[in-house]
Every structure is written in C-alpha cells, then in structure tokens.
Amino acid sequence: MAQITLDGIGHAYGGDPKTEADYALKPIHHVWEAGKAYALLGPSGCGKTTLLNIISGLVIPSHGRLLFGDRDVTRLPTERRNIAQVFQFPVIYDTMTVAENLAFPLVNRGVARPRIDARVGEIAAMLDLTADLKRRARGLTADAKQKISLGRGLVRSDVSAVLFDEPLTVIDPALKWELRSKLKAVHRALDLLMIYVTHDQVEALTFADKVVVMNDGRAVQIGTPAELFERPEHTFVGYFIGSPGMNLLRGEVAGAEARVDGHVLPLGAAYPALPQGMAVTLGIRPDYATLTAGDGLPVTVTRVDDLGRKRLAHASLGGGQSVVATVPHGMGVETGPARLRLDPGKIHVYVDERRVAGRDLVGRAA
Amino acid sequence: MDSRVWDNRAWLFVVPVMAFVLFSSLIPMMTVVNYSFQDSMGQNSFFWNGPGWFQNLLDPTTAVGARFQGALLRNFAFSFTVLAIEIPLGIAVALCIPKSGWRVGAVLVAIALPLLIPYNVVGTIWQLFSRTDIGLLGVALGRSGVPFNVTQNAGSAWAVIVLMDVWHWTSMVALLCYAGLKAIPDAYYQAARIDGANRWSVFRNIELPKLRKVLVIAMLLRFMGSFMIYTEPFTVTGGGPGEDTSFLSIDLVKMALGQVDLGNAAAYSLVYNLITLTVCWMFFTYTTHADSKDVA
C-alpha cells in the first residue's frame, strides 16, 4: 500500500496534442494519499474515467509519469499494477458461483486456498452475499451482480488502490444509500486508497474524504466537501456542487463593496488588488441569500418553489439578473416586491472563472 | 361490461396464407402420406397396405430396413464429424478476426466467399479438385504416395466430403461467433485484466459462456444442413464408392426416383422428416429451457 502520484499526467487520444483543447485530460499534478477515500466528480465527458483508466493501466497516458510509492508504473500493464477496479455495469463470470467469482482475482494470483476462503467469506459478509455464495452468479439480479463486482474489487487485500467507475449506476435508488454507506464502512475497515468516479455530487460528497471536481479535462478544485461548498475556487464548482447551484452575478467590485444592477452590496473582504470598478462575477449560494422581513435589497419575487423541506424564491434584481434565495421558515411569501439579504461573508469574487482571495476586514472572516 | 363485437370475419385475412400453405406443404405432404399407407400396381389403382411400409423400413432385417439404417448411421456420423470440426474451428477463426480497422471488412468478405457459392458448384469444385488425373489435390496426394481415390476408397471419399463441408460452412459458424464476440462489452475484458486472468481463462470464463446462445444456433443450423445434405456429396461421389457415402437424402432419391419404389420411399421420407423435426424440437426446448433458467 502506498500513495499514488500523478506527475504531470495528461492524455490526448491519438497523441500529439497541438492545443489545450486536444487533451482529454489536461496535465495534472496530484498525490493520492494511502488509506484515503477520494471522489472524482464531474459531468459526462470531463475526463474522469480517462484519469481512472490511466491509474489502472487500461489507458497509457500520452504525457507525464505515474508513481505507485516510488515505483514508476506509467507503462506497466494493468495485470502487473496491483490495482482493483469496479466498472459501471456489473461484470460477472456467468459460469461461476458467487464464491468462485469473488475468489477469481485471488485464484489467478496463486493465493493459498485457506486464505482465499477466509477472504471471500469476509468480503461476502461485508456485502451481505453470504447466503448467495453457493449460487450461480448468472441468475442473480443486477443489484446482486454489481455487489459481486464490488466484492471482486475489494477481495485483494494488498492492492495499491481500489477504483470505482460510477459503480452504483445500475443500482436501485433505495439500495444505493445502503451500498454507499456500506462502501464507506468497507473503506474504514480495509484502510485502502479508494478512488470513486461519479457525476452525482451526493454520492461524491458522502463517500469521499476529498473530492476532485473535474470539468473539460481539468481538475478545477480538490478539497473536502465543506471546502467545495463554502469556498468554491471556480465558478464551475460553484454551480455544479449544491442543489440548486451557486448564484453567479455580473457586477463590479470596488474595495469592500460590489455593485450589481445598481445595488450596492457590502462584501466580507476587501479587494484592493482589483482595479476600481473592474467587471467581475460574484457568487453566493442560495443558502446564504435569504428573503427577509427587515432591511435588505429591494427585489421582485417572480416564482417560489416549495421543495417541502425548504422553499426557494427566484428574486429579480431589476437589471435583468436574478437570484435564487432561501425563504426562512414561517415567513409568508408571494410573488411581488420583497427584501433580500445576502450574507457578505459568503459572497465570493471571481475573475476569469477563478476565485480571487480578498484581504480580511478586521473582525470578519473571509 | 364487454363491448367487444362478435365477428369472425377477421379470419378472412388468414385465408391467403392458408391457401399458400395448403398448396406448398399440406397437399404434397398428404400425397406422401397417401403413398406411405397404400400400394399401387400402376394404372392409378391403389390398395391399402396399413403400416406395412413403415414396419418394413424400421426392421433392419429387411433389405429396405438395412439400407435405411445404414444411411441413417452414416448420416449421423457425418453430422457429428462436421460439427466436431466446424464448431471449434469456427470459434478459433472468429477469435482471429480483427476487431477494428479496414482489415475487418477484407477478412469478413474473404471468409464469407464460400457461403456465396451454389451447392452444386461447390460439389463440382471439389470433384475436380480431388480427381487423381487432373485434380490438384488428387494428383498431389497420388505423387506423394498417399493411397487416395475418391471413386474406389471409402476413406478418401469421406475425407473429401468432410473437408468440403468444413470448407463450405465453417465460415458461417465463424461469422456467427464473430458477431457474438463483438457483442461482449469491453468492460469484461478490462475486468479480466484487472482480475489477472490469462488468455485461456478469458476464453473459458468470458468468451465461451457469452457465445453459448450463438453456438446453439450454429449447431442447430449446421446439424440441419449436414443432416439434409444432398447436392454436394452427390456431385462428388454419387453416394459411392458402393453405398459408403449414401446419406439419407441420396438414398431416398435413389429409392423414389431411381427405383420408383413409392411406398417404401414415402414411409422413408416421413420417418426422415420426423427425425429432423425431433432434433429441432430437442434443440428448441433445450435453448428455451436454458434461457428460463437464467431468469429464475
């Protein structure tokens, strides 16, 4: 078990990229620490599966080096890399029983029979497959088949990492929660490095210690779920994480104030580095924009969505831009004029899609 | 409240098909059935013979019974032999066909060529090929000292006929298997690499199980094809030497058209037909049964 280092790993299918856009995966430096759970999160086609396949050796990267510990494995074939991978759709060996399926990776590596049996029993117990061990794998449901695939990924105790490529896609929603927490428990029990690819933010945020958000072949932010939520470094992270995503407003910034559609907003930090009146994007999550009965920006509510657990109001700022805001519990709201409060400390300033760090104002957190 | 109208006129739509089936199958079939229970002395006069022809046919001590049994055994031996060669060979060929690139088209066309040749042309090609005076195979074998003569040596005749069937039909098995192999998702191969499976293990645990259904179809088609074979062996050997390559259809044609032994030939063809149907039914129930086991 060792950490995995991506040393400038990049990939262009067909090789020889002329421009940035030719990369399916733009060169990235990152260290995956042993024993941690990571998620690769991003929309379809953002390069996350390519990155996963590079780690497992199914794709050989066109650029950079891949290190397992200190060992350079960039050009090593999959079978010599000591890595486990679980795919999006269940892969089972039809003619074998569940137990034989789970034992297969161990049998191929010549592990002694008693150790195989012990390990298979252990993994089957973790995944609730014990009762099915003697059954033919072919006749089982898709859920059970995917559990077998997961089990085959977890059965080797000496792997450098276990990679999951959207493993819960075919699983029934109710069972998804259960399997996800099971995977989390398995991770704690086995202490393996796990990398989990998904486009589902809930899956990523609940599973992982750290999430790598990817977009367009680039890792745009790597951080804990809380960091991604509270301080998105990129506007993409802002609107991709959170449901609904972050409000992004065009405006101008001047010192510790911003101007949006004629309104002046106080900010939680000062931006002396930015020229006065520079055009920027301001980001604030709907959770920190609330309608209020007291003082606030004059807005016009155009629509209210009642989600049961909370209510969201779409509030027009008057200049063509609008904000999704939370309606506090117990507050009556109708379409029409209302007052909006934006938490100054939670407003982020973005230039060219990237967050600009401000200088803390005395007595306030950035 | 049932508001459906009781009207059976829709059956009229079925009438054309019924008429077609009547003239294409039922009437000819019933003629054969008629012959199989009657005897005739010519002049269109028939008299009832009961199950006589059938008893005759199924009793190996009679001349006709012995002929039938011989042809049946030869036919099963032939079908078994060509299946035992064509199925494994077809799988092997399919595994060697490239999966992508321009070579796929070239290879598939080359492989499909034998399938496009008419049966009697295939027979003629092999008849000429194996002649000991001008045939490439016959002359080459003769010069190298191998005792080879299709018209005199039963072993030679069988070898040529089996080789010819393998040449003609392995392509079909290969194409079916190739389609089956193409349908296996890449994830299976990737998972096998991750699991550390070797090439044999991939074939044994992924490819062969996934080809099961395609192989059952290939076996059914090749069994039927070889069990009802007529033109090709007839063109090459005419059923000889002696009776050594007289399969059921060849023997039946001799009996019906050569000897005009209509009663025996009618019983012969009905029993032949029943054997074919039975084997078809066995294959069919096996596949449907195996499928329903999958779901359970």
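See the values below:
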{"quantity": "Set A:Gly277, A:Gly319, A:Gly332: member being small (Gly, Ala, Ser) and on the phi > 0 side of the Ramachandran plot", "calculated": "A:Gly277"}
{"quantity": "Helices (runs of 4 or more DSSP H) lying entirely in region A:117-226 (those with 2 or more residues that are more than 20 Å from B:Ala191 (Cβ to Cβ) and not hydrophobic (A, V, I, L, M, F, W, C))", "calculated": "A:173-190, A:201-207"}
{"quantity": "Checking B:Asn198 against (1) free of Cβ contacts under 8 Å to residues at least 40 places away in the same chain; (2) at positive phi, the condition it does not meet", "calculated": "(2)"}
{"quantity": "Hey, A:Arg250 in contact (Cβ under 8 Å) with a residue 24 or more places away in the chain, under 30 Å from A:Leu25 (Cβ atoms) and not aliphatic (A, V, I, L, M) or not", "calculated": "no"}
{"quantity": "Candidate set: region A:28-48, residues that are in contact with a Lys or Arg (Cβ under 9 Å, 6 or more places away or on another chain) and surrounded by fewer than 19 Cβ atoms within 10 Å (Cβ to Cβ); chosen: the one nearest to A:Gly69 (Cα to Cα)", "calculated": "A:Glu33"}
{"quantity": "Residue identified as away from chain A (no Cβ under 14 Å) and more than 30 Å from B:Gly52 (Cβ to Cβ) among B:Ser226, B:Ser246, B:Ser269", "calculated": "B:Ser226"}
{"quantity": "Qualifying residue in region B:65-87 (condition: touching a Pro at 6+ places or on another chain (Cβ under 9 Å) and closer than 20 Å to B:Met164 by Cβ)", "calculated": "yes"}
{"quantity": "Test for A:Val327: is it of a type in the set (A, V, I, L, M), buried (at least 16 other Cβ atoms within 10 Å of the Cβ) and either under 28 Å from the mean Cα position of the chain (by Cα) or assigned by TED's automatic domain parsing to the domain that holds A:Pro272 (or both)", "calculated": "yes"}
{"quantity": "Candidate set: region A:143-159, residues that are of a type in the set (A, V, I, L, M) and surrounded by fewer than 23 Cβ atoms within 10 Å (Cβ to Cβ); chosen: the one farthest from the other protein chains (Cβ to nearest Cβ)", "calculated": "A:Ala144"}
{"quantity": "Segments classed as strands (runs of 3 or more DSSP E), wholly inside region A:1-86, with at least 1 members that are over 25 Å from A:Pro105 (Cβ atoms)", "calculated": "A:4-11, A:25-32, A:37-41, A:63-68"}
{"quantity": "Residue, farthest from the other protein chains (Cβ to nearest Cβ), within region B:195-219, restricted to residues that are of a type in the set (Gly, Ala, Ser) and out of contact with any Pro (no Cβ under 7 Å at 6 or more places or on another chain)", "calculated": "B:Ala218"}
{"quantity": "Residue within region A:99-114 that is crowded, with 16+ Cβ neighbours inside 10 Å, of a type outside the set (Ser, Thr, Tyr), in a loop (DSSP other than H, G, I, E, B) and within 14 Å of chain B (Cβ to nearest Cβ) present", "calculated": "yes"}
{"quantity": "Scope region B:140-194; condition within 14 Å of chain A (Cβ to nearest Cβ) and out of contact with any helix residue (DSSP H, G or I) (no Cβ under 8 Å at 6 or more places or on another chain); matching residues", "calculated": "B:Pro185, B:Asp186, B:Ala187"}
{"quantity": "Set A:Ile4, A:Ile55, A:Ile92: member being in contact (Cβ under 8 Å) with a residue 60 or more places away in the chain, surrounded by 15 or more Cβ atoms within 10 Å (Cβ to Cβ) and within 18 Å of B:Arg193 (Cα to Cα)", "calculated": "A:Ile55"}
{"quantity": "Looking only at region A:75-89, and only at residues there that are within 8 Å of chain B (Cβ to nearest Cβ) and touching a residue at least 24 places away in the same chain (Cβ under 8 Å), the one that is surrounded by the fewest Cβ atoms within 10 Å (Cβ to Cβ)", "calculated": "A:Phe89"}
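Here's the yes/no breakdown for (1) more than 24 Å from A:Val237 (Cα to Cα); (2) under 27 Å from the mean Cα position of the chain (by Cα); (3) of a type outside the set (Val, Ile, Thr):
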{"site": "A:Pro286", "(1), (2), (3)": "no, yes, yes"}
{"site": "A:Leu317", "(1), (2), (3)": "no, no, yes"}
{"site": "A:Pro337", "(1), (2), (3)": "yes, no, yes"}
{"site": "A:Pro344", "(1), (2), (3)": "no, yes, yes"}
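Yes or no, residue by residue, for (1) surrounded by 13 or more Cβ atoms within 10 Å (Cβ to Cβ); (2) in contact with a Leu (Cβ under 7 Å, 6 or more places away or on another chain); (3) more than 30 Å from B:Val279 (Cα to Cα); (4) of a type outside the set (Val, Ile, Thr):
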site: B:Ile87; (1), (2), (3), (4): yes, yes, no, no
site: B:Gly101; (1), (2), (3), (4): no, no, yes, yes
site: B:Gly105; (1), (2), (3), (4): no, no, yes, yes
site: B:Pro114; (1), (2), (3), (4): yes, no, no, yes
site: B:Trp126; (1), (2), (3), (4): yes, no, no, yes
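The values are calculated or read from the model by the stated rules, or taken from the named source; none is laboratory data. Keep in mind it's a predicted model, so treat the numbers as computed, not measured. Neighbour counts are summed over all protein chains in view; Cβ atoms, including those assigned to glycine, are modelled from backbone coordinates with ideal geometry.
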